[in-house]
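Enquirer: I'd like to ask you about the structure that follows.
The values are calculated or read from the model by the stated rules, or taken from the named source; none is laboratory data. None of the values given here were measured: they were computed from a predicted structure. Backbone-built Cβ (ideal geometry, glycine too); neighbour counts: all protein chains shown. SASA here: full protein model, heavy atoms, side chains in, ligands and nucleic acids out. Shrake-Rupley method; radii C 1.70, N 1.55, O 1.52, S 1.80 Å.
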Amino acid sequence: MLLFALAFLLVILQPSTGQFPRVCANVQSLLSKECCPPWDGDGSPCGELSSRGSCQNILLSQAPLGPQFPFSGVDDREDWPSVFYNRTCRCEGNFMGFSCGECKFGFSGLNCTERQVKTRRNIFQLTASEKNKFLAYLNLAKNIPSQDYVIATGTYMQMNNGSNPMFRDINVYDLFVWMHYYASRDTLLGGSNVWRDIDFAHEAPGFLPWHRVFLLMWERQIQRITGDENFTIPYWDWRDAEDCEVCNNEYMGSRHPTDPNLLSPASIFSSWQVICTRSEEYNSQQALCNATSEGPIQRNPGNNDKSRTPRLPTSADVEFCLSLTQYESGPMDKMANYSFRNTLEGFADPQTAISNPAQSGLHNALHIYMNGSMSQVQGSANDPIFVLHHAFVDSIFERWLRRHRPMLEVYPAANAPIGHNRENYMVPFIPLYRNGEFFKPSRELGYDYEYLQEPALQSFQDFLTPYLQQVRQIWAWLVGAAVFGGIVTAVLTGLIRACRKKKGETSSEIQPLLTESEDYNNITYQSNF
């Protein structure tokens with residue numbers, strides 16, 4: 001009955017999230033390179049008649065990129081989304097969306113003027129009803145086609161530069177699986193050649209902002225298809241876990257009784273089919289994933305390569321990572337040392353922050369530990385544990401932002417790997433989002449985490465922490481300045497006393513002695529001062 005009711009809601013709701021808008025996946029839009037659909041509210045492009053936005057040329061970042069991608073003009077994702085569109089809706093105020101028909105994250109109401117902050121909760125703190133509703137929402141998303149978006153099944157060149165559109169429908173859940181694949185896929189160079197050292201969502205500064213947007217969009221999509229505007233993504237706090245605590249039929253599915261690589265038939269997720277997992281096949285065919293079903297979800301937690309991931313992350317690992325003051329460093333990729341981002345992503349040791357891609361820590365450790373669909377980057381979002389996992393990773397990012405309170409300038413403006421500079425648009429989202437726009441506290445984006453809502457005293461301590469850390473960093477300078485100041489003060493005091501003594505000796509010849517007690521006390525006060 002619940003699923004029937006939710007399916008009915010789809011008829012009256014218009015979901016809107018982000019890949020290729022259906023209204024722009026046609027010859028006219030591709031050849032004109034314009035995606036400025038009318039807003040339903042007034043029928044004008046981008047809701048211009050209602051001052052929601054207007055159709056504008058895309059402003060691309062001209063900042064230099066890092067050396068990791070030595071090509072130009074060979075990948076549709078370069079200077080996203082200019083290969084497909086160079087004019088899109090630029091929304092005003094708190095409006096957002098490919099037609100400016102939505103509110104920015106953190107706002108609601110008819111005119112998007114009402115601020116809101118929703119709370120993401122630990123999945124084990126949900127009531128049985130809340131948990132079952134979450135699972136039903138996941139299954140609904142897997143079985144309902146996206147109304148507003150389609151996916152590309154060919155490159156722009158294979159589309160004959162727009163004159164032969166190649167798009168297809170996809171369900172809501174798989175839309176996000178495909179977007180994750182598309183952002184991380186290899187570059188097709190023709191023949192059997194590919195370039196693997198490229199990823200618009202991982203191994204670089206944009207890793208955390210990209211997945212933050214991904215979760216916000218996924219969360220909003222669920223809200224829209226269910227009509228549950230209060231829905232938030234739960235998280236799995238995996239610190240110090242001895243095994244996969246959510247891998248049971250009450251939550252995300254236990255092992256199959258006869259095949260440990262599959263899910264139990266008692267789990268609703270055992271019937272799910274995965275997509276976009278055969279990267280080598282796509283590469284050999286110089287083709288994109290077309291979302292064809294490729295078999296059931298695979299998962300065998302704990303039976304992974306122990307030499308690469310010997311254990312699940314600990315609280316100590318997380319605390320050390322949070323102590324790192326640099327968001328990014330060095331080459332700004334998986335070889336970065338002392339980088340908070342690289343350590344949290346899992347390419348640097350969580351006890352030293354020294355890069356070691358042969359090992360998998362923190363975020364990466366969970367993916368490898370699951371030993372199945374989640375362990376291959378491009379197709380990892382097929383397993384719904386992905387959402388719980390990344391919600392908790394995002395909460396660690398949030399803790400770092402609150403502790404260190406970085407300025408926007410801390411996020412690299414230039415020389416990051418392709419797609420990861422501060423002003424680069426994130427691949428493959430439409431509407432467009434820049435990396436730097438999500439390098440900010442979650443409460444400014446309309447959400448918080450249950451376990452981060454601490455008492456006022458702790459909040460005050462968190463407020464003081466970044467300033468105390470700054471003082472610690474310049475402590476040697478402060479001590480030196482104090483010593484120098486003391487020396488200067490001593491010298492000046494000596495000179496002043498010497499001058500007063502000389503003046504006193506001179507004035508005694510022409511002035512009478514001060515003998516009254518009041519005058520004597522005044523002299524004593526001045527001398528002490």
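Enquirer: Tally Lys/Arg at +1 and Asp/Glu at -1 over every other residue whose Cβ is under 14 Å from the Cβ of VAL377; what's the total?
Expert: -3
Enquirer: Once you list every other residue whose beta carbon is under 12 Å from the beta carbon of GLU294, what net charge do they have if Lys and Arg are +1 and Asp and Glu are -1?
Expert: That works out to -1.
Enquirer: Something else about it: Using a/c under 1.5 as the rounded threshold, could you call the range 165-217 rounded, prolate or oblate? The axes a ≥ b ≥ c are square roots of the C-alpha gyration tensor eigenvalues, and prolate needs a/b larger than b/c, oblate otherwise.
Expert: oblate
Enquirer: Direction-averaged shadow area of the convex hull around the Cα atoms of the range 241-300, nm²?
Expert: Answer in nm², one decimal: 5.2.
Enquirer: When all protein chains stay in place, what accessible area (Å², nearest 10, 1.4 Å probe) is found for ASP42?
Expert: Surface accessible to solvent at ASP42 totals approximately 50 Å².
Enquirer: Right, another one. Give me the percent of accessible area attributable to carbon and sulfur for the range 303-449, probe 1.4 angstrom.
Expert: 53
Enquirer: Over the range 47-145, give the accessible area per residue in Å² for a 1.4 Å probe, as an integer.
Expert: Per-residue accessible area for the range 47-145 comes out at 48 Å².
Enquirer: Cα centroid distance between the range 287-342 and the range 186-202, in Å?
Expert: 20
Enquirer: To the nearest whole percent, what portion of all C-alpha pairs in the range 69-175 is separated by more than 25 angstrom?
Expert: 50
Enquirer: Could you put ASP237, ASP394 in order of accessible surface area, largest first, with the 1.4 Å probe and the full protein assembly present?
Expert: Ranking ASP237, ASP394 by accessible area, largest first, yields ASP237, ASP394.
Enquirer: Would you mind pulling out the separation of the Cα centroids of the range 31-66 and the range 232-281, in Å?
Expert: Measuring centre to centre over Cα atoms gives 40 Å.
Enquirer: What is the local net charge at LEU388, summed over the other residues whose Cβ is closer than 12 Å to its Cβ (Lys, Arg +1; Asp, Glu -1)?
Expert: Result for the neighbourhood of LEU388: -1.
Enquirer: Another question, then. Using alpha carbons only, how many angstrom separate the centre of the range 386-450 from the centre of the range 94-129?
Expert: Using only Cα atoms, the two centres lie 17 Å from each other.
Enquirer: On to the next question. Which order do you get for THR88, THR292 if you rank them by accessible area with a 1.4 Å probe, largest at the top?
Expert: THR292, THR88
Enquirer: What is the diffusion coefficient of the range 303-386 in µm²/s, taking the Kirkwood radius over Cα pairs and the Stokes-Einstein relation at 4 °C with a viscosity of 1.567 mPa s?
Expert: Result for D is 101 µm²/s.
Enquirer: Shape of the range 36-109 from its Cα gyration tensor (a ≥ b ≥ c, root eigenvalues): rounded if a/c is under 1.5, otherwise prolate when a/b > b/c, or oblate?
Expert: Taking the square roots of the gyration eigenvalues as a ≥ b ≥ c, the range 36-109 is prolate.
Enquirer: If you count only protein heavy atoms with a 1.4 Å probe, what accessible area per residue comes out for the range 262-409, rounded to a whole Å²?
Expert: Each residue of the range 262-409 exposes 34 Å² on average to a 1.4 Å probe.
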